[in-house]
1. Post the alpha-carbon centroid distance, the range 120-182 to the range 21-82, in whole angstrom.
2. Could you give the dipole magnitude of the chain about its Cα centre, charging the beta-carbon of Lys and Arg +1 and that of Asp and Glu -1, in debye to the nearest 20?
3. Helix by helix through the chain, keep the DSSP H runs that span 27 Å or more along the axis on Cα and average at least -0.5 on Kyte-Doolittle, and give those back in order.
4. Filter the chymotrypsin sites (Phe, Trp or Tyr not before Pro) in the range 32-131 down to the DSSP loop ones having no more than 15 other Cβ atoms within 10 Å, then list what survives.
5. Mean residue ellipticity at 222 nm from the helices of the chain, using -39,500 (n - 2.57) per DSSP H segment of n ≥ 4 over the full residue count, to the nearest 500 deg cm²/dmol?
6. With every protein chain present, what is the per residue accessible area of the chain (1.4 Å probe, Å²)?
7. For the range 93-144, what does the relative contact order come out to in percent, with C-alpha contacts under 8 Å and a separation of six or more?
8. Loop-only GluC sites (Glu not before Pro) in the range 31-99, please: DSSP not H, G, I, E or B, and at most 12 other Cβ atoms within 10 Å.
Amino acid sequence: MSKRIYIDLLHKLEVDHELQGSQRTTAREVLGLTLYILAQGGSIRLAKERFQHSTETISRYFSKGLTSLLLLSAEVIKPMDPQFREIPAEIRSDARYMPFFKDCVGAIDGTHVDARIPVEDQVRYIGRHGTTTQNVMAVCDFNMCFTFALAGWEGTAHDSCIFTRALGDNRLNFPHPPQGTQINIFKII
């Protein structure tokens, strides 16, 4: 990440998403340690060594940084046109798709991401390849921009279970098509 992008992200999180430090830890350091843990796949213990703070301090500030990033994600990961008024040009201009996919608003799929899970919870997260994973569901529009993402489900959770939860829980802000639009689900294998 370039310095300019880091500074812009820091400013955005401080102003709009309540990222704060303390008397001894700046917001810049909170964001730095949060990104270090997320990007490097680092543990709290490694961050403790790198940033020279106690485990409790690293854990507390990682939680604060992660909360700010989650608030930002709700602002960024959403449809450009939440009412889905326009038929995407990729469908409108292609006779193979137009009559059949005119109400299509995007593509949805799930993937498994390796995860570090506490020993007592690992069994639920062991996927079909024998490793601990989280099942992540994502929705993209026709410009390949994410419009929704839901992570954290056990590796054994079925895609339809995650999708049903996303549809039914208003707190997750799943991008629903307008009232009266029929929802058709196609699984691409």
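The values are calculated or read from the model by the stated rules, or taken from the named source; none is laboratory data. As the structure is a prediction and not an experimental result, all values here were calculated from the model. No Cβ is skipped: glycine too gets one built from the backbone with ideal geometry, and neighbour counts run over all protein chains shown. Accessible surface areas use protein heavy atoms only, side chains included; no ligands, DNA or RNA. Shrake-Rupley method; radii C 1.70, N 1.55, O 1.52, S 1.80 Å.
1. Taking the Cα centre of each part, the range 120-182 and the range 21-82 sit 23 Å apart.
2. For this selection, approximately 360 debye.
3. Length and hydropathy pass: 55-76.
4. The qualifying sites are Y97.
5. -12500 deg cm²/dmol
6. 70 Å²
7. 43 percent
8. E86
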